[in-house]
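The block underneath contains the structure these notes are about, expressed in structure tokens.
The values are calculated or read from the model by the stated rules, or taken from the named source; none is laboratory data. Quick caveat: nothing in here was measured; it's all calculated off a predicted structure. Note: ideal-geometry Cβ built from the backbone for every residue, glycine included; neighbour counts use all protein chains shown. Areas reflect the complete protein model, heavy atoms only, side chains present, ligands, DNA and RNA absent. Shrake-Rupley method; radii C 1.70, N 1.55, O 1.52, S 1.80 Å.
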Amino acid sequence: MPEVRVRFAPSPTGYLHVGGARTALFNWLYARQQGGKYVLRMEDTDAARNTDAARRTIFDGLHWLGLDPDEGPEQGGPVGPYSQSERQDIYARSIVELKSTGVLYPCFCSKQRLSSLRLSQEAAREPFRYDRLCRGLTAEDIQRHTAAGAVPAWRLRVPEGETVLDDLIRGSITVNHADVEDIILVRGDGTPIYNLAVVIDDHTMGITHVLRGEDHLTNCFKQIIIFRALGWDVPRYGHLPLILGPAGEGKLSKRKHPEAALEHYIARDFHPEAFINWLALIGWSFDDKTEIMTREELVQRFSIERVNKSGARLNMEKLAHISGDYIRREAPEKVRAKVCEHLVRGGLVKEPLDAATEALVAAIASAEQERLRGYADIVELARWVFSDPPVMEEKAQKNLTKEPGTAAMLREWAATLSDPLPQVPEMEAAARQFCEARGMGFGKFVHPVRAAITGRTAGPPLFDCVRLLGAARSRARLEHAAQSAS
RNA sequence: GGCCCCGUCGUCUAGCCAGGUCUAGGACACCAGGUUUUCAUCCUGGUAACACGGGUUCAAAUCCCGUCGGGGUCACCA
């Protein structure tokens, strides 16, 4: 058995699509499992939208996912170059060969004729397909056109018959060649069209397995015909189900769905391993109950046979849940670093951090870790710490005013706060005594105090919050809240 | 419209190929209860699906046919 070689071949459109990310993941998983190679090929023959920034987005996205290629534009490799824009010489050689065997034939039809042909076919309710007019051109006809200065595009001469694709995921699919168009493979300027470039690339790069989106299923038959025409071995194909919009309305597009772009997830900063775990579960499953799996387990357990055929919608809630699960189990130092990064980015903390701020950040990280679903959530979760007095939520304000005597209670408790503050258990014990002495339930104490301290009704355990602020800031907040309390 | 693919809880799915053990299992979400000073976590329980119609069979979510529904694709784009 030759070494397994798979590829991820995105077009640099300016963003990395989630579907693309999943395709990359499945290819990577398969390569790792089989001990093969996973190559990145940039499909950038459309110069117009091929910018450096667009290429970077792909590289960076894959890096965030932990799916750096074994071979690719950045890391090089034995079958480069890895960007289609740099492979024109390779294409040119194959095109010469294709022309000489008669697989390609010149087409002099103008774009106007082509579009009017399409129009009339549409009117007649016929399938839109080239009418093969130029297939019958004689050598003289060609001579005449050329002499007149016409430059032809070159079309694939689709033979009679049918092509059977034995898809790794969908099984056997047969297409009659009568339904395959004589597509243009080479432009007037001599450069290849996508379908030709892919075939030449997959062959010259020794690709053995092609795992890609189902949107390429129709293309696949054209590509197989080209492979055969060139006498090349056809790789194995597996067409992955598409990722649909949250409402099931067709494939995700960046315009309509922000969640189509990987940057959306990176911005929220979901745990990358959780993200990978979630991605793997879109269209694939291991068994009837196992869902949380490490990258290594995924590599071990992945199998193309268990990939489904039907399209899947994104379940963002589930991603958040899985990510929260991963973050909760993450090492405190790692969480602290992430929290710090986002606090800085969110403008809540300035670099360089002094020792006190460093300690504060560490305390925040430890207090909020269990509530994080994406690391970027920390900015909103911890905002109350950084604003004196804190922004008061409506529900929190109610907790300050609904019980008479709250203001006095707040002031009295503030007076008991010593500097430095005792540890949480001692503080709690003292607070309970404080309540008992006043003959009030602990709940009547906790809610107003939390409101005063954080301005919110939800958050870490109250005394953790108080210790986070320290005695002075806590007293000030208590006093400030007392002024607006009953 | 032609061709191709797909169709199990709201969502992701297990089960289908090798029909019975499926009064259809799990997860997310949701609801209820418990733990907790709040939230979160955690625990317990619950609501909820085989698209429809035929056929084959002692027996169909599983096999066959049809209908309906959804999606993809039809560029000198990738």
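Of note:
- Qualifying residue in the stretch A:316-326 (condition: at pLDDT 95 or above, touching a Leu at 6+ places or on another chain (Cβ under 9 Å) and hydroxyl-bearing (S, T, Y)): yes
- Cross-chain or 6+ apart pairs with Cβ under 7 Å, the stretch A:16-38 first and charged (D, E, K, R), then not in a helix (DSSP H, G or I): A:R22/A:I243; A:R22/A:I282; A:K37/A:E3; A:K37/A:R5; A:K37/A:D70; A:K37/A:E71
- Criterion violated by A:A178 - all others in (1) without any contact (Cβ under 8 Å) to a residue 24 or more places away in the chain; (2) assigned to a helix (DSSP H, G or I); (3) under 26 Å from A:V4 (Cα atoms) satisfied: (3)
- Scanning the stretch A:183-210 for residues that are open to solvent by 40 Å² or more (accessible area, probe 1.4 Å) and more than 10 Å from RNA strand B (Cβ to nearest atom) yields A:H203, A:T204.
- Only residues that are in a loop (DSSP other than H, G, I, E, B) and away from RNA strand B (no atom under 11 Å from the Cβ) were counted in the stretch A:460-475, giving 1.
- The single condition among (1) out of contact with any strand residue (DSSP E or B) (no Cβ under 9 Å at 6 or more places or on another chain); (2) within 8 Å of RNA strand B (Cβ to nearest atom) that A:F275 does not meet is (2).
- Of residues in the stretch A:367-407 being in a loop (DSSP other than H, G, I, E, B) and more than 19 Å from A:V449 (Cβ to Cβ), the one nearest to the chain's Cα centre (by Cα): A:G374
- Failed item in (1) modelled with pLDDT under 95; (2) within 11 Å of RNA strand B (Cβ to nearest atom), with A:S285 passing the rest: (1)
- Some residue of the stretch A:170-182 being more than 30 Å from A:G19 (Cβ to Cβ), loosely packed, with under 13 Cβ neighbours inside 10 Å and of a type in the set (D, E, K, R): no
- Verdict on A:L165 being over 18 Å from A:F8 (Cα atoms), touching a residue at least 60 places away in the same chain (Cβ under 8 Å) and among the aliphatic types (A, V, I, L, M): yes
- The number of residues in the stretch A:211-236 being touching a helix residue (DSSP H, G or I) at 6+ places or on another chain (Cβ under 8 Å) and either surrounded by fewer than 22 Cβ atoms within 10 Å (Cβ to Cβ) or within 21 Å of A:S100 (Cα to Cα) (or both) comes to 13.
- Residue in the stretch A:294-302 that is near RNA strand B (Cβ under 7 Å from one of its atoms), without any contact (Cβ under 8 Å) to a residue 12 or more places away in the chain, open to solvent by 70 Å² or more (accessible area, probe 1.4 Å) and farther than 28 Å from A:L217 by Cβ present: no
- Within the stretch A:368-392, considering residues that are away from RNA strand B (no atom under 11 Å from the Cβ) and of a type outside the set (A, V, I, L, M, F, W, C), the one nearest to A:F275 (Cα to Cα): A:G374
- Matching residues in the stretch A:408-458 - criterion: being within 13 Å of A:R477 (Cα to Cα) and part of a loop (DSSP other than H, G, I, E, B): A:L417, A:G455, A:R456
- Residue selected from the stretch A:1-31 under the condition touching a Lys or Arg at 6+ places or on another chain (Cβ under 9 Å) and open to solvent by 40 Å² or more (accessible area, probe 1.4 Å), by the criterion farthest from A:T57 (Cα to Cα): A:E3
- Failed item, numbered, when A:K251 is tested on (1) open to solvent by 40 Å² or more (accessible area, probe 1.4 Å); (2) modelled with pLDDT of 95 or more; (3) among the charged types (D, E, K, R); (4) under 17 Å from the mean Cα position of the chain (by Cα): (2)
- Taken as a whole, the structure leaves A:E394 outside the set of residues that are of a type in the set (D, E, K, R), modelled with pLDDT of 95 or more and surrounded by fewer than 21 Cβ atoms within 10 Å (Cβ to Cβ).
- Condition check for A:T45 on (1) in a loop (DSSP other than H, G, I, E, B); (2) within 21 Å of A:R7 (Cα to Cα); (3) without any contact (Cβ under 8 Å) to a residue 60 or more places away in the chain: one failure, at (3).
- Residue ID - farthest from A:L400 (Cα to Cα), chosen from residues in the stretch A:445-459 that are surrounded by fewer than 20 Cβ atoms within 10 Å (Cβ to Cβ) and either of a type outside the set (D, E, K, R) or more than 10 Å from RNA strand B (Cβ to nearest atom) (or both): A:A458
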